[in-house]
Amino acid sequence: MFTGQYRDMAQAFHSRAPNTFKAFQHLQMAFDDGAKHIGRNNKTLFGRDKGRMAFEKIRTNLGRSIIAMRADGLLVPRATTAQVREVLRTELQAFCQMTPAWDRASTFIALFFDGEDSPIQEMLEDQLEINPG
């Protein structure tokens, strides 16, 4: 999966935060699905909205990533929404640097965190209510 310089970066990230590494792999795939389906009128064969499904997948994996970051000590207990958002953004940027083949997901992640109509604030608040730390 990782080759050359990216392998070294991945090994360093994994040794520093193994739970977060695994959670970010799933989160990155969820963001890739979001980039493909959110905002489009894509339906499954059975009529389910693929954009809505992708959004829910992002929400679920975001919660799992927060739990993993806490387990790895990247987040302090009872961190504020702003603190969680900043640490999550920083760590995801580092993770995306070692996975250049996932450029669509990386672009969507940047838009998701920095966009004017971004739902990230609401999603983080929901996740922190569910998993207060």
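The values are calculated or read from the model by the stated rules, or taken from the named source; none is laboratory data. What you see is a predicted model, and the numbers here were worked out from it, not measured in a lab. Note that each Cβ is placed from the backbone with ideal geometry, even for glycine, and that neighbours are counted across all protein chains shown.
A single entry from Arg16, Arg48, Arg52, Arg40 fulfils the requirement of being modelled with pLDDT of 85 or more and not hydroxyl-bearing (Ser, Thr, Tyr): Arg16. The C-beta contact set for the range 85-114 (first residue within 11 Å of Phe31 (Cα to Cα), second residue part of a loop (DSSP other than H, G, I, E, B) and small (Gly, Ala, Ser), distance under 8 angstrom, 6+ apart or interchain) comprises Leu111/Ser118; Phe112/Ser118.
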